[in-house]
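These notes are about the structure you will find just below.
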Amino acid sequence: MSESTRISVDEMYMRMAEVVAQRSYATRAKVGAIVVKDFRVLAEGYNGMISGFPNDELEIRDSSGALYTNPLGLHAESNAITKIAKYGGTGAWGGTMYCGYSCCKSCMKLIFQSGIKRFVYRELYRVHDHLDEFDRAKVELVCLPAVRPSYEEIEAKLKASQFSVKLVEAQRDCAEEQRNDGLVEIQRLSLLLLNTLGD
């Protein structure tokens, strides 16, 4: 394997956190987190209910039918940190947390208090105006964007895809006839291609 195709250590641990997220019962956002210290995973967590409560109660509907998170639910970050406290071990001091989203204010406080010195996330959480506090707490904050496939990988998937021929035909028809329905077909096939590339 060449260095150009080898993923970084941060990417490896982030992908582990993304796998952990698949354990969540959430339908709106499945989030996973892991705490790593000295190249060892100390704990993992995902957004779910507190211990002893059914996970299928994580999201509930109010009287108007709106979906919201049960107040007894835990975020992935707090779930991972509390597992370290619950099961003992070396503690999180000086460790790194990997999480699919930047943390909320409550989880941020737990991260600081636990001694985690580095927080790596993939996407911004909807509320993120508090992230400047990481500088004050001397905790490194790192956004790790998703690894995009190389041009060669995309080209190989396109060649293997049944959609690529249809997309080229739709583009040709649209260009020749200036048809609006051709544009709609191009958009539809492009979305299918993006989904195929994500596999």
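Here are some notes:
- In the context of the full set of protein chains, residues of the range 1-65 present 64 Å² of accessible surface per residue (probe radius 1.4 Å, heavy atoms only).
- Among the listed pairs Lys37/Lys105; Lys109/Lys138; Lys30/Lys86, those with a Cα-Cα distance over 19 Å are Lys37/Lys105; Lys30/Lys86.
- Against the criterion of solvent-accessible heavy-atom surface with a 1.4 angstrom probe, Phe39, Phe134, Phe53 sort, most first, into Phe39, Phe53, Phe134.
- P(r) tail, the range 1-63: Cα-Cα pairs separated by more than 14 Å, 64% of all pairs.
- Part-to-part distance (alpha-carbon centres) for the range 22-46 and the range 130-146, which is given in Å: 18
- Normalised per residue, the accessible area of the range 78-155 is 59 Å², obtained with a 1.4 Å probe and no contribution from ligands, DNA or RNA.
- From largest to smallest, the equivalent ellipsoid semi-axes obtained for the range 1-125 from the alpha-carbon gyration tensor read 26, 18, 12 Å.
- Shape call, the range 36-94: gyration tensor on alpha carbons, a/c limit 1.5: prolate
The values are calculated or read from the model by the stated rules, or taken from the named source; none is laboratory data. Note that this is a predicted model, so its numbers are computed, not measured. Just so you know, the surface numbers come from the protein's heavy atoms only, side chains and all, with ligands and any DNA or RNA stripped out. Shrake-Rupley method; radii C 1.70, N 1.55, O 1.52, S 1.80 Å.
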